[in-house]
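A quick write-up on the structure given underneath.
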Amino acid sequence: MKSEPSVADREIVISRVVNAPRELVWEVFTRREHVGEWWGPNGFTLTIHEMDVRPGGVWRFIMHGPNGVDYPNFVRYTEVVKPERLVFDHGKDEKHIFFRMTITFAAQGDRTVVTMRQLYDTPEARDHAVKVIKAVEGGNQTF
């Protein structure tokens, strides 16, 4: 039996237990009026231009940094399994995709374990995201 190659050197994984039921956490991640209130690192705000949470659907938004810089973001959903799993490609636009994000929502009684996995094409791309973009710090602040 052939084993699957490891992705540990290309992946960032961040997980949290949220004190809310899975269905509510799902809504906060997938409804425009909610996600715009909390998505992104400390000090950032969002302008959402489009959010269509379905396979093939697009989420386009601008993250406004506390330094006055605007960061365009583009998401194309590839898998949506309510209320268990979201998978999407994430980049600055349709031609510049940086990573594939998989978010899982696991019920734990009245709480939810949310796990975000960012998978990059290469270890070097992952290392750049960690060191230069501060993806781990930003992900932790988003939670």
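Numerical summary
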{"item": "Residue ID - surrounded by the most Cβ atoms within 10 Å (Cβ to Cβ), chosen from residues in segment 114-137 that are of a type in the set (Ser, Thr, Tyr) and in contact with a helix residue (DSSP H, G or I) (Cβ under 9 Å, 6 or more places away or on another chain)", "result": "120"}
{"item": "Members of segment 81-113 found to be of a type in the set (Lys, Arg) and either out of contact with any Asp or Glu (no Cβ under 8 Å at 6 or more places or on another chain) or open to solvent by 90 Å² or more (accessible area, probe 1.4 Å) (or both), listed by number", "result": "82, 92, 95, 100, 111"}
{"item": "Test result for residue 91, in contact with a strand residue (DSSP E or B) (Cβ under 9 Å, 6 or more places away or on another chain) and farther than 21 Å from residue 126 by Cα", "result": "no"}
{"item": "Among (1) in contact with a Lys or Arg (Cβ under 9 Å, 6 or more places away or on another chain); (2) open to solvent by 40 Å² or more (accessible area, probe 1.4 Å); (3) of a type outside the set (Gly, Ala, Ser) - the single one residue 52 does not satisfy", "result": "(1)"}
{"item": "Residues satisfying the stated conditions in segment 29-71, i.e. outside any loop (DSSP other than H, G, I, E, B), over 19 Å from residue 118 (Cα atoms), of a type in the set (D, E, K, R) and under 15 Å from the mean Cα position of the chain (by Cα)", "result": "32"}
{"item": "Flag for residue 74 being in a strand (DSSP E or B), of a type outside the set (Val, Ile, Thr), under 14 Å from the mean Cα position of the chain (by Cα) and more than 14 Å from residue 118 (Cβ to Cβ)", "result": "yes"}
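The values are calculated or read from the model by the stated rules, or taken from the named source; none is laboratory data. As the structure is a computational prediction, the values presented were derived from the model and not from experiment. Virtual Cβ from ideal backbone geometry, glycine too; neighbours counted across all protein chains shown. Protein only, heavy atoms only, side chains kept; ligands, DNA and RNA dropped before computing areas. Shrake-Rupley method; radii C 1.70, N 1.55, O 1.52, S 1.80 Å.
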